[in-house]
Amino acid sequence: MNINDIDLNLLRILDAVHGERSVSRAALRLNLSQPRVSNALVSLRELLQDRLFVRTASGVAPTELMTLLAPRVREALTLLEDCLLQRFGFEPATARRTFRLHMSDSIEIIAIPPLRQRVEEMAPQVRLETAQLPADHIPQALQAGEIDFAIGSYGAMGDDIVREHLFNDAFVLLVERMHPLPDDASRETLQQIHYVVVGESADIEQLMADLGLTRQIRVRTSFYLSVPALLRGSGLAVWLPRSVASALVALGEYRIVTPTTRQRAVAVNVFRHPRAMRDPALEWMRQQILDTLRGQTETR
């Protein structure tokens, strides 16, 4: 194989398919047709004499050779992108770029609507994409450039990842507007009602255990979007971060209860790779995240 046989577009396609684990999603990410991406993979397979990817139920998975090549290809593309971006800068009004962010569905509820509106006003051709990754994969994904930012209540992710504090989110109770629970409910009152638990939050589990509420759990769900339907007419209550509860209160059928018990809160942070500081586009996006989320929480 001769290196002159491989052009930059083939490497970009290789990187996108590996990152997306899907030919169709890679085509969408690169704004190319799916046949063009498929044809590029055929050429790469012939050049590298390897299948590179094998089909799976959800898309494709890398071969052993592709697993070895992927970080080197990403590193090479990142170095080139850094050089070009530093040379030409970033103009939001005319830029065409996709920013990829990891966040849970609870963060999406409060972050994406105002962030999308802010970005669209300043950079109408910029796209936002969200992904949900296992927590232990986030540092690797940031380092590899698979995602640009991660937002959530995570602790330190190692020396290679930069963390910035956005806001502290206290846990409150959300109930239907006509629920009999008083706004200043005591511990004893809280022990008389039943609860929904969303997701797998160690903080909420500990909070409920401290208040003697674990036996009062009646429903567990994985999705915040199912909360309104579960509360409606059931008499149930749910502990949520205040930011999420405030978003649901805006629907008009619910209210927030702040018990007299000791408050517990989580710190919500934004994470990025140090490389972002050398990329004008990522630095711009970082500032939009900070301004949007810090400003939004100050108004609650």
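The values are calculated or read from the model by the stated rules, or taken from the named source; none is laboratory data. For clarity, every value in this text was computed on a predicted model and none was experimentally measured. Positions of Cβ are backbone-derived with ideal geometry, glycine not excepted, and every protein chain shown enters the neighbour counts.
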Checklist entry - Here are some residues: Glu146, Glu108, Glu121. Which one is charged (D, E, K, R), crowded, with 19+ Cβ neighbours inside 10 Å and not assigned by TED's automatic domain parsing to the domain that holds Thr258? => result Glu146
Checklist outcome for this item: By my count, helices (runs of 4 or more DSSP H) wholly in the range 164-283 with at least 3 residues that are touching a Phe, Trp or Tyr at 6+ places or on another chain (Cβ under 9 Å) and in contact (Cβ under 8 Å) with a residue 60 or more places away in the chain are 242-249
Item to check | Qualifying residue in the range 57-75 (condition: more than 19 Å from Ala144 (Cβ to Cβ) and either of a type in the set (Phe, Trp, Tyr) or surrounded by 15 or more Cβ atoms within 10 Å (Cβ to Cβ) (or both)) | outcome: no
Checklist entry - Looking at the range 176-195, is at least one residue charged (D, E, K, R) and more than 24 Å from Leu251 (Cα to Cα)? => result yes
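Inspect the range 35-52 for any residue being within 26 Å of Gln125 (Cβ to Cβ) and not aliphatic (A, V, I, L, M) and give the result as yes or no.
Looking only at the range 35-52, we keep the residues that are within 26 Å of Gln125 (Cβ to Cβ), and these are 35-37, 40.
Then keep just the ones that are not aliphatic (A, V, I, L, M); that gives 35-36.
Among the residues of the range 35-52, at least one is within 26 Å of Gln125 (Cβ to Cβ) and not aliphatic (A, V, I, L, M), which makes the answer yes.
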Item to check | Checking Ala202 against (1) touching a helix residue (DSSP H, G or I) at 6+ places or on another chain (Cβ under 9 Å); (2) closer than 21 Å to Met103 by Cα, the condition it does not meet | outcome: (1)
Checklist outcome for this item: Residue hits (the range 209-232; among the charged types (D, E, K, R) and closer than 21 Å to Val249 by Cα) are Arg220, Arg232
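State yes or no: is Leu133 surrounded by 15 or more Cβ atoms within 10 Å (Cβ to Cβ), in a loop (DSSP other than H, G, I, E, B), touching a helix residue (DSSP H, G or I) at 6+ places or on another chain (Cβ under 7 Å) and free of Cβ contacts under 8 Å to residues at least 60 places away in the same chain?
Working: surrounded by 15 or more Cβ atoms within 10 Å (Cβ to Cβ): yes; in a loop (DSSP other than H, G, I, E, B): yes; touching a helix residue (DSSP H, G or I) at 6+ places or on another chain (Cβ under 7 Å): yes; free of Cβ contacts under 8 Å to residues at least 60 places away in the same chain: yes.
Taking the combined requirement at face value, the residue satisfies it.
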